[in-house]
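A short write-up of the structure that comes next.
What follows is calculated from the coordinates using simple rules that are stated; it is not laboratory data. Note that the structure is predicted; figures quoted are calculated from it, not measured. Cβ: placed from backbone, ideal geometry, glycine included. Neighbour counts: every protein chain shown.
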Amino acid sequence: VWKRLQRVNKNAVRLQFSVTYQQLVLETTPKWVPNKLSVVWTRKSRKVQSEPLRWEPMLDQPLRGIVLWTLPECQQVTVTLFKNARNSELEDKLWTFVIEDVAVNGKR
């Protein structure tokens, strides 16, 4: 009920956001070296994640590695934002991007 009261005099606007992954460069520490990496973006209970790809260390710097997508991976999400009728501003909705390590047994 409270959310509905907050949206009085506001218009709903549906927007679609796209993210394309091409390459990821990551520096690690000697204590932690990843197996496969996945890019995840979340907001509350929503979660969009990329296919886990193998992390390849560089020859000259073994603690620095790269993940390359042979074909760029595109992911989309549709978001409903509410627009204030008085000043035409959209409400904020924060999304968080996280890089997850996927272990050999599949755990993140």
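What are the residues in segment 58-71 that are surrounded by 10 or more Cβ atoms within 10 Å (Cβ to Cβ) and out of contact with any Pro (no Cβ under 6 Å at 6 or more places or on another chain), if any? Answer for segment 58-71, where residues must be surrounded by 10 or more Cβ atoms within 10 Å (Cβ to Cβ) and out of contact with any Pro (no Cβ under 6 Å at 6 or more places or on another chain): 58, 62, 63, 64, 66, 67, 68, 69.
Residues in segment 31-70 that are acidic (Asp, Glu) and either closer than 20 Å to residue 18 by Cβ or in a strand (DSSP E or B) (or both): 51, 56.
Selection of segment 68-93 for residues being closer than 26 Å to residue 53 by Cα and out of contact with any Ser or Thr (no Cβ under 9 Å at 6 or more places or on another chain) yields 68, 70, 71, 78. Of the residues that make up segment 21-30, is at least one touching a residue at least 60 places away in the same chain (Cβ under 8 Å), touching a strand residue (DSSP E or B) at 6+ places or on another chain (Cβ under 8 Å) and either in a strand (DSSP E or B) or surrounded by 10 or more Cβ atoms within 10 Å (Cβ to Cβ) (or both)? Yes: segment 21-30 contains one or more residues that are touching a residue at least 60 places away in the same chain (Cβ under 8 Å), touching a strand residue (DSSP E or B) at 6+ places or on another chain (Cβ under 8 Å) and either in a strand (DSSP E or B) or surrounded by 10 or more Cβ atoms within 10 Å (Cβ to Cβ) (or both).
The set of residues in segment 75-94 being under 19 Å from residue 24 (Cα atoms) and surrounded by 12 or more Cβ atoms within 10 Å (Cβ to Cβ) consists of 75 alone.
Taking the criterion of being surrounded by 10 or more Cβ atoms within 10 Å (Cβ to Cβ) and β-branched (Val, Ile, Thr), the residues of segment 95-108 that qualify are 98, 99, 102. When residue 98 is tested against the conditions (1) within 19 Å of residue 14 (Cβ to Cβ); (2) in contact (Cβ under 8 Å) with a residue 40 or more places away in the chain; (3) out of contact with any helix residue (DSSP H, G or I) (no Cβ under 9 Å at 6 or more places or on another chain), the lone failure is (1).
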